[in-house]
1. Looking only at the stretch A:56-84, how many residues end up being among the hydrophobic types (A, V, I, L, M, F, W, C), out of contact with any helix residue (DSSP H, G or I) (no Cβ under 8 Å at 6 or more places or on another chain) and within 10 Å of chain B (Cβ to nearest Cβ)?
2. Listed residues B:LEU111, B:LEU117; which is in contact with a Leu (Cβ under 9 Å, 6 or more places away or on another chain), open to solvent by less than 10 Å² (accessible area, probe 1.4 Å) and closer than 29 Å to B:ARG181 by Cα?
3. Any idea which residue in the stretch A:85-100 is farthest from the other protein chains (Cβ to nearest Cβ), counting only those that are touching a residue at least 40 places away in the same chain (Cβ under 8 Å) and closer than 22 Å to B:PHE308 by Cβ?
4. Can you confirm whether A:ILE52 is away from every other protein chain (no Cβ under 11 Å), modelled with pLDDT of 95 or more and outside any loop (DSSP other than H, G, I, E, B)?
5. Can you name every one of the helices (runs of 4 or more DSSP H) wholly within the stretch B:312-393 that holds 3 or more residues which are buried (at least 16 other Cβ atoms within 10 Å of the Cβ), at pLDDT 80 or above and within 14 Å of chain A (Cβ to nearest Cβ)?
6. Quick check on A:GLN79: is it open to solvent by 10 Å² or more (accessible area, probe 1.4 Å) and touching an Asp or Glu at 6+ places or on another chain (Cβ under 7 Å)?
7. Given the conditions (1) in contact (Cβ under 8 Å) with a residue 12 or more places away in the chain; (2) in a helix (DSSP H, G or I), report the number of the one that A:PRO135 does not fulfil.
Amino acid sequence: MSSEELAPLVSRLGGTINAGPKTTVLTVPPDRVVDACKGVSSLPGWYHLSTITGMDLGQDIAILYHFWQGKRFVQVRTQIPKSAPRLPSISGALAAGTLYEAEIQDLLGVAFEGNPFLGKKLLLPDVYPPDAPPPLRKEADPHKIKKMMELE
Amino acid sequence: MQYSPEGMMPFGPVHPSLKEPEYFKLFLEGEKIVAVEPRIGYVHRGIERAAQERTWVKNIYLFERICGICSFHHSIAYTEGVEELAPFEIPKRAKYLRELVAELERIHSHLLWLGLLGHWAGFDTLFMWIWKDREHILDIEEAISGNRVNKSYTTLGGVRNDLPDGLADRIRTEMAYIEKRAVYYKGLVQSEETIVARTKGRGRINQELARKLCPVGPLLRSTGIARDVRAEDPYASYGDVPPVVQTSNAGDIASLLTLRLNEITDSCRMVKETLEKMPSGPYRVNFPRSVPAGEATFHVEAPRGELFYFVKSSGGSVPERVKVRTSTLANILTATEMLKGHVLADVPVVLTGMDPCFGCMDRISVVDVDKSKEWTIGGEALRRYGIDYYRRK
């Protein structure tokens, strides 16, 4: 998808477009993520959400929504502070995102408001220490967590 | 400290990697399934987190251990993703060799699935026949790479070794054999009473649901949507030797049987064509230890569907982040819809229909909605229940 095709969506939502050789990145503020994902998925042929990636950037967490069609990807990207890791869920508009959000909730501690798994565990065991950092965060030390769980 | 049974499964407090075994809580009204709740992560090994502490090359061996069935697809998705970040031209012969082994892996994966479906449906003879035929493919894979399962064949910059002398003729002979067997199995699954009774009309999905839940692979194509990464976004040498994308309009388990058998036949054709067209020349170039900073999004068509990798490098000798989305994770929500409206006896065949890992069948919880009663049923007990149910009918 070219930047021109996404331009109306960006002008409506506020954000930036960066078109790479294979991926067009659409960066939006956190509160516009649902609209952005709905906007991309409603474009002809762009219904397929491949997955959602969460990345610990240190102070912030980046959330990347990957859509695929043909030889190109569109990546809707947003960033939230680690101190307030909350984001509206896309699961109401795009059911395919339900488990991908639940996975990020478990592993990076991001609460997706409106996701049916909000507050429930999908991947982590029920005995995961509530005071331990989510396991994919940079500050999480696997050995310390294992000790807290009496596994080491 | 007391652990729940789930908590006693191997667990690393890191990121998901093997997402194959699932837990399904089934809500029943009498025999009928009215709701399904998935719970996964039981063999969570934290491979994504572990990858952040290993070098680019070491990670090849780590990622191919995500799945023993489609191990090679994990390694090519990772290596081709990383190769996108480095300005290197990968030798064409290496690209062909990758496609060759990937298609062999697809054949053995589909054969494995067909055999398992026979087993869950109570047709163990089919299971024995098919798994015997699958050995032919595993033997070829061993002859090419030295290993049957974790082949470690692809590497950054190409593949580890060239095709051994004289092996091409043996591969052609084996492909002719598998093609013949696929024709036989196709006739069998379309006419054999047990298989037809257990699969026709079972686990039905349609295009509307597929567009909503975004399943991948044969499950998606069984609804008539012709999406295949190999054809749509070619990697390896799929641009030169493309697949003929197989579809069906029935969207049930019976159509998945035929579809996967057609894919086996097409993969045999592609293996032979790859051997014919394979150029001579080097099969590997030296690849740098550090990968330039950047992000790459890459995906391949694994036997179970789109396998997704996102790679981020900060320019060092280890990745900053590697995200993996396995095919089965994309299919779990669809599988829960496939089960609704069916009876408990259909669970083994319908769940196997989406081609999950073996382990999932050992964790089925059943809730009787009317009596508010909950119990757990093991894999073998559920298999026997399904077989007896259809015998009584």
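The values are calculated or read from the model by the stated rules, or taken from the named source; none is laboratory data. These numbers were taken from a predicted model, which means no experiment stands behind them. Quick reminder, even Gly has a Cβ in these numbers, built from the backbone with ideal geometry, and neighbours come from all protein chains shown. Ligands, DNA and RNA are stripped out before the accessible areas are found, and what is left, the full protein with its side chains, is counted by its heavy atoms. Shrake-Rupley method; radii C 1.70, N 1.55, O 1.52, S 1.80 Å.
1. Start the filter on the stretch A:56-84 by keeping residues that are among the hydrophobic types (A, V, I, L, M, F, W, C), which leaves A:57, A:61-64, A:67-68, A:73-74, A:76, A:80, A:84.
Okay, now just the ones that are also out of contact with any helix residue (DSSP H, G or I) (no Cβ under 8 Å at 6 or more places or on another chain), so A:57, A:62, A:64, A:68, A:73, A:84.
In the following step, the residues that additionally are within 10 Å of chain B (Cβ to nearest Cβ) were identified as A:57, A:62, A:64, A:68, A:73.
Qualifying residue count for the region: 5.
2. Values: B:LEU111 fails: in contact with a Leu (Cβ under 9 Å, 6 or more places away or on another chain).
Of the residues listed, the single one that is in contact with a Leu (Cβ under 9 Å, 6 or more places away or on another chain), open to solvent by less than 10 Å² (accessible area, probe 1.4 Å) and closer than 29 Å to B:ARG181 by Cα is B:LEU117.
3. A:LEU87
4. On the way: away from every other protein chain (no Cβ under 11 Å): no; modelled with pLDDT of 95 or more: yes; outside any loop (DSSP other than H, G, I, E, B): yes.
No, not satisfied.
5. Working: elements: B:327-339, B:347-353, B:379-392.
The helices (runs of 4 or more DSSP H) meeting that bar are B:327-339.
6. Details: open to solvent by 10 Å² or more (accessible area, probe 1.4 Å): yes; touching an Asp or Glu at 6+ places or on another chain (Cβ under 7 Å): yes.
Here the answer is yes, as A:GLN79 does meet what is asked.
7. Of everything listed in (1) in contact (Cβ under 8 Å) with a residue 12 or more places away in the chain; (2) in a helix (DSSP H, G or I), A:PRO135 misses just condition (2).
Results for (1) touching a strand residue (DSSP E or B) at 6+ places or on another chain (Cβ under 6 Å); (2) farther than 16 Å from B:PHE310 by Cα, shown as yes or no for each residue.
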residue: A:VAL76; (1), (2): yes, no
residue: A:PRO135; (1), (2): no, yes
residue: A:LYS138; (1), (2): yes, yes
residue: A:LYS144; (1), (2): no, yes
